[in-house]
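All remarks here apply to the structure that follows.
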Amino acid sequence: MEPSTDTLASQIDPQKVPRHVAVIMDGNGRWAKKKGNSRIFGHKNGVEAVRQTVEAAAELGVRYLTLYAFSTENWNRPALEVSALMSLLMEAIGQEMDKLMRNQIRLLTIGDTEALPDNVRSKLRAAIEKTSANQGMRLVLALSYSARWELAQAARAIALKASQGLLDPERVDQRTVEEHLATAGMPDPELMIRTSGERRVSNFLLWQLAYAELAFVDKLWPDFRKEDFHAALLDYQGRERRFGLTSEQLEKKA
Ligand code: FPP
């Protein structure tokens, strides 16, 4: 990967790069419609934006990049669109594997991946395994994911352990919940970016985004480029994150 030379990137403070950035890649369908083309054409053109985002994040030293690639609700889309998305995902993984290895990027997934077609699951499993020793950025694909699914499965796992006497119900606290989420062991995202101008969280990482800064970008996903990622990071660095404290308390802590 060539280091980025755009002026926005040079203004980013390397000491204040978020450890975890989450992205809702929205607007493929609208992008395609504007061009008089099929939704699938939009998804195909979204892959370049994925590539640029992964590169930008890795170059800046982001440790975790989570991309909302397929939601639980997306299963209700027309079968042709669902299968096109699955094929695109498989193709992209195949094409990018060398680059992931070269750049030490480790692939992970969150979501109900049992629901994915067998060929997609085995391709993902192989890619996760192959990249498992990579020490660079974690690229987390949210696939068949929704936050309510995740919270419900965490509640189920905790209840099951309690019923088996493996866990004291009186001692269930925030940490117990965190340990049973799909993101167990990952830091919470400090920044969440959503493209396409929609200002919603749409069932994405509801627990983990509790204190995240939200960046809503008007561009549709296939138009999203490295510079847009840099702009979102710069904007994030200009914000004061207070975690419920006052500005004065924060100054004293610094
Ligand atoms: C949202 O646009 C986008 C998606 C549901 C899928 C994103 C998938 C890709 C970019 C392709 C491959 C993914 C990877 C990780 C290589 P939308 O269809 O909801 O757009 P709309 O809101 O305009 O209809």
Inset, instruction - Would you please classify the overall shape of segment 155-254 from the alpha carbon gyration tensor, given that a ≥ b ≥ c denote the square roots of the eigenvalues, rounded means a/c under 1.5, and beyond that prolate means a/b larger than b/c while oblate covers the rest? - result: oblate
Inset, instruction - Loop only per DSSP, at most 10 neighbouring Cβ atoms within 10 Å: give me the trypsin sites (Lys or Arg not before Pro) in segment 167-206, ordered by residue number. - result: Arg199
Legend entry - Other-chain or far-sequence residues with amide H under 5 Å of Glu213's (modelled H): Leu191, Met192
Inset, instruction - Rank Val62, Thr183, Ser83 by how far each Cα sits towards the positive end of the charge dipole of the chain (+1 on Lys, Arg Cβ; -1 on Asp, Glu Cβ) and give me just the farthest. - result: Ser83
Inset, instruction - Mind listing the long-range amide H neighbours of Ser144? Cut-off is under 5 Å, sequence gap 5 or more, other chains count too, H placed in the peptide plane at 1.01 Å from N. - result: Phe70, Ser71
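Can you give the local net charge around Asp218? Use residues other than it whose beta-carbon is closer than 12 angstrom to its beta-carbon, Lys and Arg +1, Asp and Glu -1. It would help to have the intermediate numbers written out before the result.
Working: positive: Arg30, Arg194, Arg199, Lys219; negative: Asp26, Glu198, Asp223, Asp228.
Net of charged neighbours comes to 0.
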Inset, instruction - Give the share of C-alpha pairs in each 10 angstrom bin for segment 34-158, from 0 to the last occupied bin, in whole percents, shortest bins first. - result: 12, 42, 35, 11, 1
Legend entry - Alpha-carbon centroid distance for the pair segment 197-254 / segment 35-53, whole angstrom: 24 Å
Legend entry - For the chain: relative contact order, % (alpha-carbon pairs under 8 angstrom, 6 or more apart): 29 percent
Legend entry - Where labels lie 7 Å past Cα in the beta-carbon direction, separation of Ser132 and Glu170 in nm: 3.9 nm
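Compute the signed sum of charges (Lys and Arg +1, Asp and Glu -1) over the other residues within less than 12 Å, Cβ to Cβ, of Phe70.
For residues surrounding Phe70, the net value is -2.
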Legend entry - Cα convex hull of the chain, projected area averaged across orientations, nm²: 15.8 nm²
Inset, instruction - For the pairs Lys16/Lys99; Lys44/Lys99; Lys34/Lys130; Lys44/Lys130; Lys161/Lys252, note any where the Cα-Cα span goes beyond 31 Å. - result: Lys34/Lys130; Lys161/Lys252
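Bear in mind these aren't lab numbers, they're just calculated from the coordinates by the rules spelled out. Not measured: the values here are computed from a predicted model. Using ideal geometry, Cβ is built from the backbone for each residue, glycine included, and neighbour counts are taken over all protein chains shown.
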